[in-house]
Amino acid sequence: MIRRLRPVLAAAALLPLAAAGGAPAAAEEPVVLARSMLEVLAPRSNDIVGVLIDSLDAEGEIHAANVSEDGWAAIEAALADLQAETARLRGPIQVVAEPGDTIFGEETSGLSAADVQAMIDADRAAFDYYVDLMLADFAEMEALIAARDAAGLWAIADVLDVKCNACHERFWYPDWQESDQPAP
Ligand code: HEC
């Protein structure tokens, strides 16, 4: 009896979804955090810093005139990716794709993906606070790019890792508190 009932219930459970037109909204798909970090936040922030470093003069100063139009376009594209991906971090977060996957530095920090996941789940408001800090920096950068203010942009980009690390120190390596970022 029970054996016959189960498939019926399972099929019934699927009905509302099918009636609603298939898969749930993509926005509810959890973001795989390690992938966001490795595929977007790290490389695209490096792209911005790279263009700016290439534009420094012999004295290590930056002048808007030394940034080519291609350079500005590359910076704009990288920032757009960073903004879009960071905004996605506001949704459901899964630290790694599969339960057995590891995160960078797991052996040295002693914290596993599951530990990081538990820290995020335990204080989602604090995680979102750091997401918003990052988005605020990106908004500032967007305005500086629009104004072609290379020096202002460099002032932020040069210390962007400190901003990244504010979140890392809270949710990744809590024993290493070096950045002076405000806490929520
Ligand atoms: C809102 C929080 C938050 C912000 C902001 C953030 N990170 Fe992360 N990042 C994490 C967490 C949590 C981990 C640890 C879990 C992991 O490794 O994926 C991590 C891990 C990483 C990793 C290692 C990924 C791996 O496991 O191989 C890199 C690289 C990284 N972040 C780069 C960056 C850079 C660059 C920035 C800034 C442009 C940044 N992150 C901003 C939360 C954040």
Simple spin-label estimate for Ser68/Asp123, 7 Å along Cα→Cβ, in nm, reads 4.6
Any residue on another chain or 5+ positions along whose placed amide H is under 5 Å from the amide H of Ile93 is listed here as Val31
Expressed in nanometres to one decimal, the distance between label points 7 Å along Cα→Cβ at Ala87 and Ser36 is 1.3
Log entry: pair-distance distribution for region 76-184, C-alpha pairs binned every 5 Å from zero, whole % per bin is 2, 11, 19, 21, 19, 14, 8, 4, 1, 0
So, with points 7 Å from each Cα along the Cβ direction, the Glu106-Ala139 label distance in nm works out to 3.6
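How big is the shadow of the Cα convex hull of region 79-143, averaged over all directions, in nm²?
On the way: hull surface 20.4 nm².
Seen from a random direction, the Cα hull of region 79-143 projects 5.1 nm² on average.
How many times 2.2 N^0.38 Å is the alpha carbon radius of gyration of region 34-104?
1.43
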Diffing region 98-110: the Karplus 3J(HN,Hα) column from phi (6.51, -1.76, 1.60, θ = phi - 60°), in whole Hz with x for Gly and Pro, holds 10, x, x, 5, 9, 10, 4, x, 4, 5, 7, 7, x
In whole angstrom, the spacing between the Cα centers of region 139-166 and region 42-120 equals 13
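Which of the trypsin sites (Lys or Arg not before Pro) found in region 92-184 are in a DSSP loop and have at most 16 neighbouring Cβ atoms, other than their own, within 10 Å?
Numbers: sites: Arg124, Arg148, Lys163, Arg170; in loops: Arg148.
Sites meeting the loop and neighbour criteria: Arg148.
Is there a quick way to get the dipole size of region 51-166? I mean about its Cα centre, with the Cβ of Lys and Arg at +1 and of Asp and Glu at -1; what is the value in debye to the nearest 20? Spell out each step's value before the answer.
Details: 5 positive and 24 negative charges, 75 e Å.
Taking the Cα centre of region 51-166 as origin, the dipole is about 360 debye.
Since every read-out is calculated from the coordinates, none of them should be taken as a lab result. Note that the coordinates shown come from a computational prediction; the quantities given were computed from them, not determined experimentally. Don't worry about glycine lacking a Cβ; one is built from the backbone with ideal geometry, like all the others, and counts go over all protein chains shown.
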